[in-house]
Amino acid sequence: MKIYILLLFLFITNNLFSQELICNVMVNSNQIQTSDRQIFTSLQKSIYEFVNNTKWTNTKIENEERIECSIMINISKMISNDVFEGTLQIQSKRPVFGTSYQATILNYQDQNFKFNYQEFEALEFTVNTHLSNLTSVIAFYVNIIIALDFSTFSEDGGMEYIGVSQKIVNNAQNVSEKGWRAFESDRNRYWLAYDLADPRYTAFQRCLYAYHRLGLDKLAEEPDDARFEITEALESLKDIYRENPSSFLLKLFFDAKSDEIVKIYSEAFPNEQARIVKTLVEIDPTNSSKYQKILNSNQEK
């Protein structure tokens, strides 16, 4: 009877605390000339199981609440039998309340991904030690995905996991692989973690929450009020732009959101469109031609 009760408890606990992610993993090795491609299949399977079978937080997550994301590794060099180099594309999405729409939260490419992998080796990670570049990089981005997702549901909801990502960065300061140190680039893992935690950029966290929870989640039922909240959220990013016009966080945000923003304001009133286009062209000049479509949409009606 005691054994039965213990097994029942473990079963219930496992179902109450499901893994946080539903992550699709793809390893592209088309650039590698080799007759034995089994190692890449094994690598893909190992990463998939590592990401999806690890419990990354202590938060109760229902199955339907798991975060949908994807990790695509494009291997460009096979330096030796167990050393590889390439890029890492990370994407994550969030459901919008009352709709079937999935809003993109993160769409980022890491261009400095070098790692060791021996076929069938167990992938291990601990937050307190850098065991391998492969697992540290993957765990870093898992925590970024969770942090950004949680921040869209509650103000500063992702700060705990931004802290974890900083620990992972700190553990990797003496490794040979690139992407972990401040001096290597102004847009890498180091700056992603530390900019997200920087008090100068608190407007980014506020924007994530207001844009999604007060805006997108109400867009289907209260479109005018929801657009007002989204506009206010986007306006708040001016503080970041004026502090640092080349801000990594602004690029991160608009790489995920620029197309979505155009769609949101295509049905707005002309005065709303004029206001938001003025703001967007100021804080995201790279996509200024894209934002002009908002004004053109009014003329096409």
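Only the coordinates and a few stated rules stand behind these numbers; no lab work does. As the structure is a prediction and not an experimental result, all values here were calculated from the model. Backbone-built Cβ (ideal geometry, glycine too); neighbour counts: all protein chains shown.
List of remarks:
- Candidate aspartates and glutamates - alpha carbon under 13 Å from residue 218, same-chain residues fewer than 8 apart omitted: 229
- Rounded to the nearest 500, the helix-only mean residue ellipticity at 222 nm of the chain stands at -15500 deg cm²/dmol, with each DSSP H run of n ≥ 4 adding -39,500 (n - 2.57).
- Remark on residue 101: its backbone amide H falls under 5 Å from those of 96, a criterion applied only to residues 5 or more positions apart or on other chains, H modelled at 1.01 Å from N.
- HN-Hα J in Hz across segment 264-271 - Karplus 6.51, -1.76, 1.60, θ = phi - 60°, x for Gly and Pro: 4, 8, 5, 9, 7, 5, x, 5
- ³J(HN,Hα) computed for each position of segment 150-155 - Karplus, 6.51 cos²θ - 1.76 cosθ + 1.60, integer Hz, glycine/proline x: 4, 5, 7, 9, 8, 4
- Under 5 Å between amide hydrogens, built in the peptide plane, is the criterion, and for residue 76 it picks out 85, 86, 87 among residues at least 5 positions away or on other chains.
- Reachable lysines, given that their alpha-carbon falls under 24 Å from the alpha-carbon of residue 178 and they are not under 8 places away in the same chain: 77, 114, 167, 251
- Principal-axis tilt of helix 159-171 within the chain, Cα atoms, nearest 10 degrees: 50
- J(HN,Hα) series, segment 134-140, from Karplus relation 6.51 cos²θ - 1.76 cosθ + 1.60, nearest Hz, glycine and proline x: 4, 6, 5, 5, 4, 5, 4
- Relative exposure of 130, 212, judged by other C-beta atoms within 10 Å (fewest first): 130, 212
- Between residue 160 and residue 45, the contour length at 0.36 nm per residue exceeds the Cα-Cα span by 38.5 nm.
- Take every pair of alpha-carbon atoms less than 8 Å apart whose residues are at least six positions apart; their mean separation over the length of the chain yields a relative contact order of 12 percent.
- Degrees, to the nearest 10: 288-300 long Cα axis against longest axis of the chain: 50
- Separation of alpha-carbon centers, segment 95-158 and segment 26-60, rounded to whole Å: 14
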